[in-house]
Amino acid sequence: MFRLDYHRSLTALIHPPEPFTVTSILFGLLLTAMFAAPSPASAQSPAAPAASVPGAQSPAVVPVAPAATVLTAAPTQEELGDSLALHQRYQAAIAAYSKAKPSAAVWNKMGIAYQMMFNLSDATRCYKESLKIESRNSQVLNNLATIYDSLKNFAAAERLYRKSLKYQPQSALVLKNLGTNLMAQRKYNRGWDVYKQALAIDPQIFEDRNAPRVQNPASVQERGAMNYYMALGCVRAGQIDCALQYLRMALDEGFTNPKKVATDVAFASLRENPDFKQLLASQSASKAPVAR
């Protein structure tokens, strides 16, 4: 089952599903970095994206049949849609999914394809159709919440994230999305508390997994705050490169400044890091007044 991840500056990441069926693998349908999270066996969907995705299962090995008796089944419309989505041919993927047997998984995948084309109206319709079939599907609730976040209906999105967590309370992804949602509402302390819960479950949850993204409507100041707290989360998890990446964005967006960062005890562990020193030096130089 696919699900979306809403967290970074200009992001609402799309996260991956479980491994392909044998038929899917025969057609090379290894869906990456967008679609994630295990789903019921009856609703199999593409493989998890990046290799670093926690809980991602390895693709099944195709058994070798005796020579001259190897048979390959034609792909289903759903599998064809998965392959087209992999190649970012979302309109064609939607056409294939529309011919597949209706299921919660198919409606969810179709919703993601629409969302990747910024068609939020049809994406919302598809997610709601999926929820008519599986009303307690945590991943689809999460995906629908990202639509409301995109529309700046943060209160509605927050309710859906919390409902999603009722059915999957240990989802680091949904917790991270909820934390970002609270940040967008300028509830920074509450958002940071939720980020810490996500980190406790998955210390790598803030890593950039190179997944496709849809727009985060937060203002520059709000994104700066999100990136600052993301940097704190990375430091807490001991991920230096991750911390520097988000800290650079927080500085670029004006949420903080090099002097404050240099004296912030939260970043004390980075003070002797050469890259940290270089970041602060370059930021200080870029913000220095120009002599006339």
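Bear in mind that the values in this text are calculations on the coordinates, not laboratory data. Predicted model only: the values in this text are computed from it and were never measured. All Cβ positions, even for glycine, are placed from backbone atoms using ideal geometry, and neighbour counts span all protein chains on display.
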Inset, instruction - Using label points projected 7 Å from each Cα along Cα→Cβ, tell me how many nm separate GLN88 and ALA266, to one decimal. - result: 3.4
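Subtracting the Cα-Cα distance from 0.36 nm times the residue separation, let me have the gained length for ALA285 to ALA74 in nm, one decimal. Display every interim value, and only then the final one.
Values: separation 211, 0.36 × 211 = 75.96 nm, distance 6.04 nm.
Taking ALA285 through ALA74 to full extension adds about 69.9 nm, to one decimal.
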Inset, instruction - Please give, to one decimal in nm, the separation of the simple spin-label points placed at ARG159 and ARG186, each 7 Å out from Cα toward the Cβ. - result: 2.3
Inset, instruction - Would you please give the FRET efficiency between SER219 and LYS277, computed as 1/(1 + (r/R0)^6) with r the Cβ-Cβ distance and R0 = 30 Å, to the nearest 0.05? - result: 0.50
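Determine, for LEU182, LEU131, LEU251, LEU144, the number of other Cβ atoms within 10 Å of each Cβ, and report the residues in order from fewest to most. Write down the numbers at each step before the final one.
Working: LEU182 22, LEU131 19, LEU251 25, LEU144 28.
So the residues, fewest neighbours to most, are LEU131, LEU182, LEU251, LEU144.
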Legend entry - Selection from ASN273, ASN227, LEU244, by position along the positive dipole direction of the stretch 219-287 (Cβ): ASN273
Legend entry - Neighbour-count ranking [beta-carbon atoms within 10 angstrom, fewest first] of GLU78, GLU207: GLU207, GLU78
